[in-house]
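The values are calculated or read from the model by the stated rules, or taken from the named source; none is laboratory data. All figures in this text were calculated on a predicted structure; none of them were measured in a lab. Here the Cβ positions follow ideal geometry from the backbone for every residue, glycine too, while neighbour counts run over all protein chains shown. For the accessible areas, the whole protein counts, side chains as well, though only heavy atoms, and no ligand, DNA or RNA atoms are used. Shrake-Rupley method; radii C 1.70, N 1.55, O 1.52, S 1.80 Å.
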Amino acid sequence: MAVVALSACGAKTDAAGTSSDKAAKIDVSGDTVKVGLLNSLSGTMAISEVTVRNSLLLAVDEINASGGVLGKKIKPISEDGASDWPTFAEKATKLIKEDQVAATFGCWTSASRKAVKPVFEKNKSLLFYPVQYEGLEESPYIFYTGATTNQQIIPALDYLKSQGKKKLYLVGSDYVFPRTANKEIKAYAKANGMTILGEDYAPLGSTEFSTIANKVKASKADAVFNTLNGDSNVAFFKEYKSAGLTAKTMPVVSVSIAEEEVKSIGSQYLAGQLTAWNYYQTTPGAANAEFVKAYKAKYGADKPTSDPMEAAYTSVYLWKAMVEKAKSFDPEKVKAASDGITFDAPEGKVTVDGASQHIYKTARIGKIGSDGLITEVWNSGEPVKPDPFLKGYSWASGLS
Amino acid sequence: MTVILGQTFTGISIGAVLLLIALGLSLTFGQMNVINMAHGEFIMAGAYTTYVLQKSISSAGISLIVALPVAFLVSGALGALLEWLLIRRLYLRPLDTLLVTWGVSLMLQQLARDIFGAPNVQTRAPDVLTGNITVMGGDDPLTFANSRLFILGLAVAAVLALSLTLRLTPLGRRIRAVVQNRDLAEVSGISTSRVDRTAFFLGSGLAGVAGVALTLVGPIGPTMGTNVIIDAFLVIVVGGIGQLKGTVIVAFVLGVLQSVLEYSTTVSVAKVLVLVAIVAFLQWRPQGLYTLRTRSLV
């Protein structure tokens with residue numbers, strides 16, 4: 001028997017009315033199990049996503065070296081989403097149908113995740129998504145191992161508020177994550193006595209920011225909330241500095257710039273600016289020391305680690321723990337086993353919330369140093385329960 | 001007041017970038033009727049030249065100065081090579097040059113990806129170019145970014161150099177003669193094939209200089225050429241094909257228009273409005289702002 005077909009329990013018909021009672025086949029013949037790695041290895045997002053694939057491969061190597069999962073070695077199949085959402089959907093289909101992977105790890109932009117979501121749901125295959133995002137989403141076939149809004153954006157706003165920054169300017173890339181995040185920020189501001197002085201979006205990949213920098217400067221805001229993605233940040237921060245704006249006069253808090261991006265944007269443009277994440281390379285703890293050491297040993301001493309990389313690395317271990325608890329690669333059984341799974345991650349202990357398929361994470365605000373590393377200036381003290389639909393916040397009632 | 005002045009300066013600086021990317025094209029497309037889709041990749045070649053030089057020269061200032069002539073030569077040589085290999089066979093078939101050079105542009109992008117990797121790269125600007133000059137003091141100072149002033153200066157210098165070359169040098173006279181009437185120029189003893197190649201070298205070299213300027217604004221990547229090539233064609237078509245004066249005026253007008261609209265609306269809306277304005281203008285004046293009077297029979 002070369003291929004074991006795993007069928008889901010109970011045939012169901014989805015909303016569109018198409019029959020989708022067949023679960024994807026998983027190839028567990030032989031002594032390996034295949035997993036898919038789906039990242040942009042080219043295009044505007046490659047600057048960020050290549051590092052995620054690197055750390056996924058590191059986790060796979062480590063797990064294989066310690067005996068694999070359920071006695072099988074993991075065989076990673078890597079595909080390039082090329083910063084192009086239809087390509088992501090196409091490659092996801094290829095990984096599930098042709099390669100018959102047990103689970104897929106990857107995607108970065110919300111646009112790519114939204115593009116592959118129906119593919120994973122239709123084929124009843126699992127995706128582990130490692131990047132912070134705008135929340136307001138749940139899928140029975142996606143595990144979200146990056147932060148949702150209440151583990152990143154809201155703590156960042158709380159921090160700004162505690163620092164007396166009441167007038168904000170919003171700058172973002174023109175697609176789903178910044179637009180949704182800014183909707184939430186505006187609702188938060190309204191409920192917390194903050195003012196939003198302006199809101200600007202640049203097309204993804206755009207490199208002309210002189211007017212936006214002028215608008216930000218003229219607004220005399222207390223701080224800028226930056227949801228730009230990819231290397232638009234390079235052009236934005238160059239222009240920001242050219243306009244004479246600094247971290248002292250008008251700090252920028254970014255939710256999509258981690259150590260790798262700091263390195264390529266240039267710390268001379270970023271020193272003193274703020275970021276909000278759950279993990280930094282400088283986060284203390286033995287698990288992180290080991291992770292940083294292993295990553296540098298594999299990819300070079302000058303390569304930093306970052307939050308999405310850490311969340312990706314952690315996601316492979318979480319999947320392993322779920323599979324071992326379920327004693328099966330069947331996505332339905334893996335899902336059923338997920339609640340309460342914990343892992344001693346580089347960011348600290350994380351726990352899977354089976355109901356939302358998100359995880360408990362510690363929120364951290366950091367300041368970018370002139371050495372390109374980010375040091376923590378605040379943290380939430382304990383892992384925050386994920387609340388993707390912001391049910392715990394009365395001001396957010398009209399959002400989803 | 002400072003907002004208006006600041007925004008006008010931004011518009012002029014956007015115009016300077018547009019002018020630099022369109023200038024070389026105005027020579028190869030405007031004067032020679034070759035629709036060179038690979039022009040954007042010559043810009044990319046100039047940008048990567050800057051990147052490579054910065055790897056070997058530690059001082060960002062010196063490497064930028066060295067990059068200007070070197071990028072001119074590298075992109076110019078690429079252009080001359082393209083002319084010699086392919087375009088000279090297609091002068092009578094302008095639409096075919098579009099397809100051929102588009103293919104070349106895709107090949108050059110892939111080549112860049114293979115050599116420099118798919119992720120975009122950045123260069124360090126010299127410290128002097130990362131600051132700004134305060135023009136008016138007070139509570140609300142008007143500041144001009146040094147990098148933008150540098151690009152503006154570069155654009156002005158490039159326009160002057162090109163315009164003087166076309167007006168005053170024997171080469172310029174030969175280029176103008178070939179543009180006006182190729183057959184008559186040929187029987188007057190001008191080697192039109194040599195003039196073609198030299199003009200292509202100059203136009204492509206200017207693309208290389210534009211590439212150096214773009215490294216001061218944003219990241220360098222294999223697809224950066226495709227991001228700017230449409231803007232370059234727009235500037236030339238609206239300015240009047242083959243008209244340096246039109247190219248210069250339209251580049252600055254579109255830059256200021258874009259920045260003013262962007263300030264009062266949003267980036268995306270401004271882009272749409274600029275395109276609507278261009279379409280409306282071309283309805284009114286399909287030949288562009290200026291037109292070339294020629295004795296050419298074709």
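Say we look at segment A:241-275 and pick out the residues that are of a type in the set (D, E, K, R) and either within 11 Å of chain B (Cβ to nearest Cβ) or under 19 Å from the mean Cα position of the chain (by Cα) (or both); which of these is nearest to B:Ile133 (Cα to Cα)?
Once the filter is applied, the top-ranked residue is A:Lys241.
If I filter segment A:177-213 down to residues being hydrophobic (A, V, I, L, M, F, W, C) and open to solvent by 50 Å² or more (accessible area, probe 1.4 Å), which single residue comes out as farthest from the other protein chains (Cβ to nearest Cβ)?
By that ranking, first place goes to A:Ala191.
If a residue must be under 22 Å from A:Lys167 (Cβ atoms) and among the charged types (D, E, K, R), how many such residues does segment A:227-267 contain?
Number of matching residues: 3.
If I go through segment A:163-176 residue by residue, how many of them are surrounded by fewer than 21 Cβ atoms within 10 Å (Cβ to Cβ) and β-branched (Val, Ile, Thr)?
Adding up the residues that qualify gives 1.
Here is a check on your reading of the model: is B:Ala45 surrounded by fewer than 19 Cβ atoms within 10 Å (Cβ to Cβ), under 21 Å from B:Ser204 (Cα atoms) and away from chain A (no Cβ under 14 Å)? First the steps, then the outcome.
Numbers: surrounded by fewer than 19 Cβ atoms within 10 Å (Cβ to Cβ): no; under 21 Å from B:Ser204 (Cα atoms): yes; away from chain A (no Cβ under 14 Å): yes.
Spelling it out, it is not the case that B:Ala45 is surrounded by fewer than 19 Cβ atoms within 10 Å (Cβ to Cβ), under 21 Å from B:Ser204 (Cα atoms) and away from chain A (no Cβ under 14 Å).
Quick one: B:Pro286 ticks every box in (1) more than 23 Å from A:Leu204 (Cβ to Cβ); (2) touching a residue at least 40 places away in the same chain (Cβ under 8 Å) bar one, so which box is it?
(2)
Take B:Ile4 and tell me if it is away from chain A (no Cβ under 14 Å), over 26 Å from B:Thr223 (Cβ atoms), free of Cβ contacts under 8 Å to residues at least 24 places away in the same chain and in a helix (DSSP H, G or I).
On the way: away from chain A (no Cβ under 14 Å): no; over 26 Å from B:Thr223 (Cβ atoms): yes; free of Cβ contacts under 8 Å to residues at least 24 places away in the same chain: yes; in a helix (DSSP H, G or I): yes.
So B:Ile4 does not fit the description; no.
Search segment A:214-226 for residues being of a type in the set (S, T, N, Q) and closer than 17 Å to A:Leu160 by Cβ, and hand back the single one that is nearest to the other protein chains (Cβ to nearest Cβ).
A:Ser219
Kindly list the number of the only condition in (1) surrounded by fewer than 19 Cβ atoms within 10 Å (Cβ to Cβ); (2) over 27 Å from B:Ile14 (Cβ atoms) that fails for B:Met136.
Answer for B:Met136: the failing condition is (2).
Taking segment A:339-376 on its own, how many of its residues are open to solvent by 40 Å² or more (accessible area, probe 1.4 Å) and of a type in the set (Lys, Arg)?
2
With respect to the numbered conditions (1) over 17 Å from B:Leu154 (Cβ atoms); (2) in contact with a Gly (Cβ under 8 Å, 6 or more places away or on another chain), which one is the sole condition not fulfilled by B:Leu92?
The single condition B:Leu92 does not satisfy is (2).
Output yes when any residue across segment B:20-29 is within 23 Å of B:Val256 (Cβ to Cβ) and open to solvent by 10 Å² or more (accessible area, probe 1.4 Å), and no when none is.
As a first pass, look at segment B:20-29 and keep what is within 23 Å of B:Val256 (Cβ to Cβ): B:20-26.
Pick out the ones that are also open to solvent by 10 Å² or more (accessible area, probe 1.4 Å) and you get none.
No, because not a single residue in segment B:20-29 is within 23 Å of B:Val256 (Cβ to Cβ) and open to solvent by 10 Å² or more (accessible area, probe 1.4 Å).
Would you pick out the residues in segment B:147-180 that are more than 19 Å from B:Lys245 (Cα to Cα) and open to solvent by 30 Å² or more (accessible area, probe 1.4 Å)?
B:Leu149, B:Phe150, B:Pro170, B:Leu171, B:Arg174
So that you can scan it fast, the table gives a plain yes or no per residue for (1) modelled with pLDDT of 85 or more; (2) in contact with a Pro (Cβ under 8 Å, 6 or more places away or on another chain):
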| residue | (1), (2) |
| --- | --- |
| B:Ala112 | yes, yes |
| B:Leu129 | yes, no |
| B:Asp139 | no, no |
| B:Asn146 | yes, no |
| B:Ala157 | yes, no |
| B:Ala161 | yes, no |
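Within segment A:228-237, which residues are of a type outside the set (Ser, Thr, Tyr) and more than 7 Å from every other protein chain (Cβ to nearest Cβ)?
Hits for segment A:228-237 are A:Leu228, A:Asn229, A:Gly230, A:Asn233, A:Phe236, A:Phe237.
Out of segment A:153-206, which residues are part of a strand (DSSP E or B), under 12 Å from A:Ala223 (Cβ atoms) and not hydroxyl-bearing (Ser, Thr, Tyr)? Please lay out each step first, then the result.
Going residue by residue through segment A:153-206, those that are part of a strand (DSSP E or B) are A:167-173, A:195-202.
Next cut, under 12 Å from A:Ala223 (Cβ atoms) only: A:167-171, A:195-197.
A:Lys167, A:Leu168, A:Leu170, A:Val171, A:Ile196, A:Leu197, listed by residue number.
Conditions (1) of a type in the set (Phe, Trp, Tyr); (2) out of contact with any helix residue (DSSP H, G or I) (no Cβ under 8 Å at 6 or more places or on another chain), marked per residue:
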position: A:Ser338; (1), (2): no, no
position: A:Glu347; (1), (2): no, no
position: A:Thr351; (1), (2): no, yes
position: A:Ala355; (1), (2): no, yes
position: A:Tyr360; (1), (2): yes, yes
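Looking only at segment B:50-65, which residues are surrounded by fewer than 24 Cβ atoms within 10 Å (Cβ to Cβ) and within 23 Å of B:Leu111 (Cβ to Cβ)?
B:Tyr51, B:Val52, B:Leu53, B:Gln54, B:Lys55, B:Ser56, B:Ser63
State the number of residues belonging to segment A:43-61 that are more than 14 Å from chain B (Cβ to nearest Cβ) and either touching a helix residue (DSSP H, G or I) at 6+ places or on another chain (Cβ under 7 Å) or on the phi > 0 side of the Ramachandran plot (or both). Spell out the reasoning first.
Quick first cut of segment A:43-61, residues more than 14 Å from chain B (Cβ to nearest Cβ) only: A:55-61.
After this cut, where a residue has to be either touching a helix residue (DSSP H, G or I) at 6+ places or on another chain (Cβ under 7 Å) or on the phi > 0 side of the Ramachandran plot (or both) as well, the list is A:55-56, A:58-60.
Residues flagged as more than 14 Å from chain B (Cβ to nearest Cβ) and either touching a helix residue (DSSP H, G or I) at 6+ places or on another chain (Cβ under 7 Å) or on the phi > 0 side of the Ramachandran plot (or both) within segment A:43-61 amount to 5.
Here's the yes/no breakdown for (1) under 21 Å from B:Val228 (Cα atoms); (2) in contact (Cβ under 8 Å) with a residue 24 or more places away in the chain; (3) open to solvent by 30 Å² or more (accessible area, probe 1.4 Å); (4) within 14 Å of chain A (Cβ to nearest Cβ):
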position: B:Ser75; (1), (2), (3), (4): yes, yes, no, no
position: B:Leu82; (1), (2), (3), (4): yes, yes, no, no
position: B:Leu86; (1), (2), (3), (4): no, no, yes, no
position: B:Arg89; (1), (2), (3), (4): no, no, yes, no
position: B:Leu95; (1), (2), (3), (4): yes, yes, yes, no
position: B:Leu99; (1), (2), (3), (4): yes, no, yes, no
position: B:Val104; (1), (2), (3), (4): yes, yes, no, no
position: B:Gln109; (1), (2), (3), (4): yes, yes, no, yes
position: B:Arg113; (1), (2), (3), (4): yes, yes, yes, yes
